[in-house]
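Below is one structure, written out as structure tokens, with a few remarks after it.
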């Protein structure tokens, strides 16, 4: 008897980022409810996919040229006819919609948005921004549902398209979080409790604005001994190292690169700092709070204000303001909120809460 697939999660370019980790969590949560799930990929990348439970099937499209990807996706939909398809990245939404239409199937297509589109493309010229907005409106009107990871992202998509958008929390907090956080300290500074450590994490690019964090850290460093660790890789690595050297703090700034387990770092840091220009719903901020680590964030669109509850769970500072960020870091080091209080902020982002929200939004039972 052939297998009936209820949900296809579509992430053709599976990488090692936050979207992939959230989809790996979500698949496990949905499969635990007896829903059959296919993960549709075009890259043989196993990040976050170890020991998948029964009920989850990985399907490789094996399109060796981008031009073949539409046909391979169309063929999968025609052969499998899943009830729903969840397109997890905005870069794949048009492909998913075009494949569904050309396959002639009644699969319901849901588009998930995980970043603030307006901010993401704000640096483009006016004509390019118009084309992006125009294309977004056209594609969204063809979807069966629009899903956003935060209210700010939902508002942004609604403003652009005029369509209803549902806000669903990311499945950030799974059973693995605390066990991974308990692994040995991954950096010698995290074992030296006499000097506080500030932690940042993410791709070293324009969105995360780690240059602002280093500038704020240098200001704080003039007032007290402290250290800064920034996890992640990206184009700005050498620029950030040069900035730290120019500001005279290179001995107390470490950029150790990418890690599969940021939780062991988060659990031991004195403060987590988010310095972004834009976000969607920063999972790493939720994870820090879930582990009881105090956090400071820029008030960027979108997500930090919602997660920190207007400052109840940590200070929010204006984007680009190094003076305010340094002051917030100092305040948090001097008077950190209790771990018990901080953990309350993570409650809406548990795997079960998110799974239930997605099942309801896609009418899967």
Failed item, numbered, when residue 298 is tested on (1) farther than 22 Å from residue 25 by Cα; (2) surrounded by fewer than 21 Cβ atoms within 10 Å (Cβ to Cβ); (3) within 21 Å of the chain's Cα centre (by Cα): (2)
Being assigned to a helix (DSSP H, G or I), surrounded by 22 or more Cβ atoms within 10 Å (Cβ to Cβ) and either touching a helix residue (DSSP H, G or I) at 6+ places or on another chain (Cβ under 8 Å) or without any contact (Cβ under 8 Å) to a residue 40 or more places away in the chain (or both), is that true of even one residue in the range 31-42? no
Against the conditions (1) in contact (Cβ under 8 Å) with a residue 60 or more places away in the chain; (2) in contact with a strand residue (DSSP E or B) (Cβ under 7 Å, 6 or more places away or on another chain), where does residue 140 fall short? Just the number, please. (1)
If you take the residues in the range 308-323 that are free of Cβ contacts under 8 Å to residues at least 40 places away in the same chain and assigned to a helix (DSSP H, G or I), which one is surrounded by the fewest Cβ atoms within 10 Å (Cβ to Cβ)? 310
Would you pick out the residues in the range 271-298 that are out of contact with any helix residue (DSSP H, G or I) (no Cβ under 6 Å at 6 or more places or on another chain) and under 20 Å from residue 331 (Cα atoms)? 276, 298
Closer than 22 Å to residue 177 by Cα, over 20 Å from the mean Cα position of the chain (by Cα) and part of a loop (DSSP other than H, G, I, E, B), is that true of residue 225? no
Among the residues that make up the range 246-254, is at least one of them under 30 Å from residue 347 (Cβ atoms) and in contact with a strand residue (DSSP E or B) (Cβ under 8 Å, 6 or more places away or on another chain)? no
Looking at the range 272-283, is at least one residue surrounded by fewer than 24 Cβ atoms within 10 Å (Cβ to Cβ), touching a strand residue (DSSP E or B) at 6+ places or on another chain (Cβ under 7 Å) and more than 23 Å from residue 342 (Cα to Cα)? no
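Within the range 182-201, which residues are part of a helix (DSSP H, G or I) and either modelled with pLDDT of 95 or more or crowded, with 19+ Cβ neighbours inside 10 Å (or both)?
Taking the range 182-201 and keeping what is part of a helix (DSSP H, G or I), we get 188-191.
Within the range 182-201, 188, 189, 190 qualify.
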Just to be sure, is residue 342 part of a helix (DSSP H, G or I) and in contact with a helix residue (DSSP H, G or I) (Cβ under 8 Å, 6 or more places away or on another chain)? yes
Counting only residues that are closer than 17 Å to residue 9 by Cα and either out of contact with any strand residue (DSSP E or B) (no Cβ under 8 Å at 6 or more places or on another chain) or outside the structural domain of residue 108 (by TED's automatic domain parsing) (or both), how many does the range 64-74 have? 4
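Please state which one of 147, 228, 204, 220 is surrounded by 14 or more Cβ atoms within 10 Å (Cβ to Cβ), closer than 22 Å to residue 20 by Cβ, in contact (Cβ under 8 Å) with a residue 12 or more places away in the chain and outside the structural domain of residue 94 (by TED's automatic domain parsing).
Result of the check over 147, 228, 204, 220: 204.
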Looking only at the range 221-244, which residues are in contact with a strand residue (DSSP E or B) (Cβ under 9 Å, 6 or more places away or on another chain) and farther than 28 Å from residue 116 by Cβ? 221, 226, 227, 241, 244
Looking only at the range 97-134, and only at residues there that are in a helix (DSSP H, G or I) and under 21 Å from the mean Cα position of the chain (by Cα), the one that is nearest to residue 361 (Cα to Cα): 117
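The values are calculated or read from the model by the stated rules, or taken from the named source; none is laboratory data. The model shown is predicted, which means the values in this text are computed figures rather than measured ones. Backbone-built Cβ (ideal geometry, glycine too); neighbour counts: all protein chains shown.
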